[in-house]
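Peer 1: One structure coming up, written as structure tokens, with questions to follow.
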Amino acid sequence: MLTKPIQEEEKQSQKDSTIGSYWITTFGCQMNKADSERMAGTLEKIGYSRAVDEFKADLVLYNTCTIRDSAQQKVYSFLGKQVKRKHNSPKLKLVVAGCLAQQEGESLLRRVPEIDLIMGPQHVNNLENLLSRVDSGNQVVATEETFISEDITNARRDSSICGWVNVIYGCNERCSYCVVPSVRGKEQSRYPYAIKNEIKTLAHNNFKEVTLLGQNIDAYGRDLPGLKKDGTKENTLTDLLYFIHDVEGIRRIRFATSHPRYFSKRLIKACYELDKVCEHFHIPFQSGNDEILRSMARGYSINKYKKIIENIRLLMPNASITADAIVAFPGETDQQYRDTLKLITEIGFDQVMTAAYSPRPNTPAAIWDNQIPEEVKKERLKEINELVDKTARKRNQRYLNNIESVLIEGLNPKNTSQMMGRTRTNRLTFVDIPKNNEFNYLIGEEHNIKITEARSFSLSGQIYN
Ligand code: SAH
Ligand code: SF4
Ligand code: F3S
């Protein structure tokens, strides 16, 4: 009979037999964060333990982003330091994963021959195999287009309360500025039951919140079979929300990123009807001008965008609306840029992630001859950021003195006399630890918080009973 102490001993010896330590730095978006968690899970499964110091780790994995040139350059500067280290410690394994790896492929190896493994985002679930080829002495490049296997149960998640859940990989849009379709490949939706199983496992492990992820999440299901008898499709994002809603233990459901071209009224209705779906919508508009939207190939007009927001607010007046916007897109006149500012004021966004246009490889807009000078890009970005900050600060005032339900996620790493969590509308909220210093029992639960301070990015408040 196997007794408990022996099991413990086995566990201990498994720990001792770690084959080295690993370090992952994640650049870019939530999609990359989710991928990194799955790769960390694989590394731990094959015997690596998490390193405490990036510069002492035996395996360093950079999960890279290439959305703008600045993101790409950042990766090269990180890599440079590890390459130097590798010259003194040849056993160091260097892995470059993610979107820049996909974009550059073999040519990255020519630029940085010290890399052991280059792997695109579609190969995340295949890390174990790829590493075993490295261990047999090969330099490996895995960037071919591939079917993403359903094997994502072993993620090593950073949070124990909120979990990312991929629902669709890739993107079939062709926005003229964007590198994502060429680095993330064609849309591939996961099957509803696989998604639900993952959410059930999260619930079983006491997770309270899930965020469904896709670059264009409204495309979910387009590539799946499944027509209902009446001819309608039963695999849309809306159907998925209804399908997963009953998973016991999960309190909050979020999704990102929405595309105005496909955002449906039916989806808004589902968000309104389904209690767990949070009142936060991240719907990038990119530009406030129809002509620019056309040259971006976005496939909607500002009127359509406004209508979506109007419909959301009709049912959920307090919903939080956030977005992304690009300034200084090729050919953008001052007037067209001002249309973007106007839209921000008109809608009153809760937050807008802004960026100046950056030409990307293999994208149409990169080779147009009407590029905007750097100084203008800088000026526009500065001005729009000031406006966004002002608008967000003003918007956030609506929370003052409210009682908000906040899911407490842990301590504030920057000030451990506070806990932190988020409202249903995704506002980061800092909460004072109660006077009796008891807080552990509060973590992982939703609590009523009286909001006492509102800034542009975050709120502060106290437990309200
Ligand atoms: N799939 C989402 C966003 C993907 S990328 C969507 O369709 O909106 C995240 C954001 O990066 C984009 O919303 C856009 O605002 C920004 N971005 C993408 N390509 C860019 C480029 N070439 N230059 C500047 N910003 C860019
Ligand atoms: Fe890029 Fe457009 Fe796809 Fe978003 S929808 S990832 S901006 S191509
Ligand atoms: Fe960057 Fe790739 Fe995400 S380019 S923004 S990490 S999809």
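Peer 1: Mind listing the Cα extents of region 244-402 along all three principal axes, in Å, largest one first?
Peer 2: 54, 36, 27
Peer 1: On to the next question. Using modelled amide H (1.01 Å from N, peptide plane; none on Pro or chain starts), what sits under 5 Å from the amide H of residue 422, excluding residues fewer than 5 places away?
Peer 2: 407, 409, 429
Peer 1: Next up: Add -39500 (n - 2.57) for each DSSP H run of 4 or more in the chain, then divide by its residues: what number comes out at 222 nm, to the nearest 500 deg cm²/dmol?
Peer 2: It comes out at -11000 deg cm²/dmol, rounded to the nearest 500.
Peer 1: Of the cross-linked pairs 81/414; 276/390; 342/390, which ones have a Cα-Cα span greater than 24 Å in the structure shown?
Peer 2: 81/414; 276/390
Peer 1: Something else: If you place +1 on the Cβ of every Lys and Arg, -1 on the Cβ of every Asp and Glu, and leave all else neutral, what size is the dipole of the chain about its Cα centre, to the nearest 20 Debye?
Peer 2: I would put it at about 620 debye.
Peer 1: Here's another thing I want to ask about it. What is the fewest-to-most order of 345, 211, 416 by other Cβ atoms lying within 10 Å of their Cβ? Spell out each step's value before the answer.
Peer 2: Working: 345 13, 211 18, 416 9.
Ordered by Cβ neighbours within 10 Å, fewest first: 416, 345, 211.
Peer 1: Compute, for region 293-334, the length of the dipole vector about the Cα centre, with Cβ point charges of +1 (Lys, Arg) and -1 (Asp, Glu) only. Units Debye, rounded to 20.
Peer 2: 260 debye
Peer 1: What order do you get for 246, 239 when you list them from fewest to most C-beta neighbours inside 10 Å?
Peer 2: Details: 246 10, 239 19.
So the residues, fewest neighbours to most, are 246, 239.
Peer 1: Hey, what does the equivalent ellipsoid look like for the chain, semi-axes from the Cα gyration tensor as sqrt of 5 times each eigenvalue, largest first, whole Å?
Peer 2: The equivalent ellipsoid of the chain has semi-axes of 35, 31, 24 Å.
Peer 1: For a quick check: with amide H placed at 1.01 Å from N, whose amide H comes under 5 Å from residue 50's, ignoring anything fewer than 5 positions away on the same chain?
Peer 2: 22
Peer 1: Please state, to two decimals, what the Cα-based radius of gyration of region 2-142 comes to when divided by 2.2 N^0.38 Å (N = residues).
Peer 2: 1.10
Peer 1: If amide H atoms are built 1.01 Å from N in the plane of the peptide, which residues on other chains or at least 5 residues away come under 5 Å of the amide H of residue 354?
Peer 2: Here the answer is 325, since their amide H atoms fall under 5 Å of that of residue 354.
Peer 1: Tabulate in residue order the Karplus-calculated ³J(HN,Hα) for region 405-415, using 6.51 cos²θ - 1.76 cosθ + 1.60 with θ = phi - 60°, rounded to whole Hz; enter x for Gly and Pro.
Peer 2: With coefficients 6.51, -1.76 and 1.60, one gets 7, 10, 8, 6, 9, x, 7, 6, x, 8, 7 Hz.
Peer 1: By the 4.7 Å beta carbon criterion, which cysteine residues of the chain come out unpaired?
Peer 2: 29, 65, 99, 162, 171, 271, 278
Peer 1: Which of the chymotrypsin sites (Phe, Trp or Tyr not before Pro) found in region 76-161 are loop residues per DSSP with 11 or fewer other Cβ atoms within 10 Å of their Cβ? Each step should come with its number before you reach the end.
Peer 2: Numbers: sites: 76, 78, 147; in loops: 147.
Sites meeting the loop and neighbour criteria: 147.
Peer 1: Let me ask something else. Once phi is turned into θ = phi - 60°, what whole-Hz ³J(HN,Hα) does the Karplus curve with 6.51, -1.76 and 1.60 give for every residue of region 47-52, x standing for Gly and Pro?
Peer 2: Those phi angles translate into x, 7, 10, 5, 7, 9 Hz.
Peer 1: For region 63-69, take each phi angle, set θ = phi - 60°, evaluate the Karplus expression 6.51 cos²θ - 1.76 cosθ + 1.60, and give the result in whole Hz per residue in order, putting x for glycine and proline.
Peer 2: 9, 9, 10, 9, 4, 9, 4
Peer 1: Test of understanding: ordering 114, 209, 144 by Cβ neighbours within 10 Å, fewest first, what list do you get?
Peer 2: Exposure proxy ranking, most exposed first: 144, 114, 209.
FYI, it's all coordinate maths here, none of it is from the lab. Because the structure is a prediction, the values reported are computed rather than measured. All Cβ positions, glycine included, derive from the backbone under ideal geometry; neighbour counts span all protein chains shown.
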